[in-house]
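Trainee: Below are the structure tokens for one structure; questions will follow.
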Amino acid sequence: MNILYFELLKLRKKSRGWLGPILVFILIMTAFPLTVEFLNEDLEQAFFSILWIAVLLVMMLATEDIFLEDYNDGSLEQLVIHTESLSFVIGVKILIYWALIGIPVSLIGSIYCLGITSSFEMALLIFPVLLISSYIFLNLFCFGNSLTLTKGSVLGTLITMPLLLPLLVVLGKVVIAINLGLNYFDFLILLLGVLSIIIVIIPLIISFVIRAHLE
Amino acid sequence: MTMTYLIKAENLSYKINEKKLFQNISFEVNSNSAIHITGSNGSGKTTLLRIILGISKPTRGTVETNLTSGMCYLGHKNALKQYLTVEDNLILQSIQHNKALDTLLKDIDLYDKLDVVVSNLSFGQQKKIALLKVFLNESELLVLDEPCVGLDGKAQNFLTSFLQEELAKNKSIIFSSHINLNLDAKSINLDN
């Protein structure tokens, strides 16, 4: 459990690492209705597209230097030498980022959903989808950033994009499912299934990638 | 058959893009022994240490380890978080704040720097903070890559005395250094 405390200590002192992405999310969600002359109905239709893309962007921002700092200062080297399960440490690191960024963003997203759609039920149904999708986004961006650890995050993002597009399609379908009152829980189970695979596989792959970078 | 060595390296060779860094390096590290890796810049000292640590893989050869209480490594990078205070960095390195730490901090002139952010310290002071982990370690093998870089004369003497004491405690040391640390160490020159 030391790793949990250590990561929280680092993030507590580096507030831009988690507060910055949350503020960017609030900025996007607040600015979007101000910059368009939509009727309320049109605004509601465009809202979910903006919401998913904002979550995606924020998770991309949040993971920009998730491993780079540790790589540059030699902490990753020490981790590789002294930690028996590097993938577990990486998994915990991603989990903490999600707890500090993903959960608040999901909560704020649901509040904006309530504000735009005026539907408490919609906000309630969107919240778990936001929670799961933000965790999936975070994992995938971490994977991309680990691949291009020393080459900059732009390349990592480009590599990750093809993996994110199917998820965005599913998220669009979830909104339709909620609106039509159809198989919402099937989609939720699908997303949970994807997440359960990703949270096991991605930290494992990242640990191999990091070892290769250090070599 | 009982293994007496802590580290056994056999025929280690390493090449980068067909350029050979070193070839057929063999040695054993036993309890209460020190190995000093020497060589000019770019001769592969750090690479050899990283192979011993298991971070890098040799082009040829093998490294066998027989450690029970692990190893303590300090490389070129100090693993310090620049935006945290010295005290926070010590917490990150699992160093408990106790009497032994206070004594050490006084010995290396850093006792009043605990609440200072690391980025406000000089390179030498940062190196001393990184060395605290080495001074307080309980591993049976120390692997140090240029431990004297940035240290003043007093700190170098302190480090040398510490390493001599560690050897006396039956511990083992592998280090690379351009500075002679006055240790009874077997030398491996990578230029040859």
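The values are calculated or read from the model by the stated rules, or taken from the named source; none is laboratory data. Fair warning: this is a prediction, and the values are worked out from it, not measured in the lab. Cβ placement follows ideal geometry from the backbone for every residue including glycine, while neighbour counts extend to all protein chains displayed. Keep in mind that these areas ignore ligands, DNA and RNA; they rest on the heavy atoms of the full protein, side chains included. Shrake-Rupley method; radii C 1.70, N 1.55, O 1.52, S 1.80 Å.
Trainee: Residue-wise, which Karplus ³J(HN,Hα) couplings in Hz belong to the range A:18-29, taking 6.51 cos²θ - 1.76 cosθ + 1.60, θ = phi - 60°, and x for glycine or proline?
Mentor: Running phi through 6.51 cos²θ - 1.76 cosθ + 1.60 with θ = phi - 60° gives 10, 6, x, x, 5, 5, 4, 4, 4, 4, 4, 5 Hz.
Trainee: Could you quote the convex hull projected area for chain A, Cα atoms only and averaged over all directions, in nm²?
Mentor: Averaging across all directions leaves 12.1 nm² for the Cα convex hull.
Trainee: Continuing with the same structure: So for the range A:20-104, what are the equivalent ellipsoid semi-axes in whole Å, largest first, each being the square root of 5 times an eigenvalue of the Cα gyration tensor?
Mentor: One finds semi-axes of 38, 12, 8 Å for the range A:20-104.
Trainee: So what is the orientation-averaged projected area of chain B, using the convex hull of its C-alpha atoms, in nm²?
Mentor: 11.6
Trainee: Could I ask something else about it? Kirkwood Rh over Cα pairs of the protein assembly as shown into Stokes-Einstein at 20 °C, 1.002 mPa s: D in µm²/s?
Mentor: In µm²/s, the coefficient rounds to 89.
Trainee: Moving on. How big is the B-A contact in terms of buried accessible area, both chains counted, 1.4 Å probe, rounded to the nearest 100 Å²?
Mentor: So the buried area, both faces added, is about 1900 Å².
Trainee: Let me ask another. Taking a threshold of 20 Å on the Cα-Cα distance, which of the pairs A:13/B:99; B:81/B:106; A:13/A:93; B:19/B:57; A:14/A:93 fall above it?
Mentor: Where the Cα-Cα span goes over 20 Å, the pairs concerned are A:13/B:99; B:81/B:106.
Trainee: Which value, in debye to the nearest 20, describes the size of the charge dipole of chain B about its Cα centre when Lys and Arg Cβ atoms bear +1, Asp and Glu Cβ atoms bear -1, and nothing else is charged?
Mentor: 580
Trainee: To continue, here is another question. On the principal axes of its Cα set, how long, how wide and how thick is the range A:136-193? Give whole Å, largest value first.
Mentor: Sorted largest first, the three principal extents are 46, 17, 12 Å.
Trainee: So, one more: How big is the C-alpha Rg of the range B:142-183 next to the rule-of-thumb value 2.2 N^0.38 Å, as a ratio?
Mentor: Expressed relative to 2.2 N^0.38 Å, the Cα Rg reads 1.08.
Trainee: For the residue pair residue B:117 and residue A:120, what label-to-label distance in nm results when each label sits 7 Å from Cα along the Cα-to-beta-carbon direction?
Mentor: 4.5
Trainee: Which FRET efficiency value, to the nearest 0.05, is calculated for residue B:4 and residue A:24 with the Förster distance at 60 angstrom and r the Cβ-Cβ distance?
Mentor: 0.50
Trainee: So what are the radius of gyration and Dmax for the Cα set of the range B:49-123, in Å?
Mentor: 16.5, 49
Trainee: May I ask you to evaluate 6.51 cos²θ - 1.76 cosθ + 1.60, the Karplus curve with θ = phi - 60°, for each residue of the range B:31-47 and list the ³J(HN,Hα) values in order in whole Hz, giving x for glycine and proline?
Mentor: Residue by residue, the range B:31-47 yields 4, 6, 9, 10, 10, 9, 8, 10, x, 6, 4, x, 7, x, 4, 5, 4 Hz.
Trainee: Give me the distance between the Cα centres of the range B:13-80 and the range A:154-215, rounded to whole Å.
Mentor: Taking the Cα centre of the range A:154-215 as reference, the centre of the range B:13-80 is 40 Å away.
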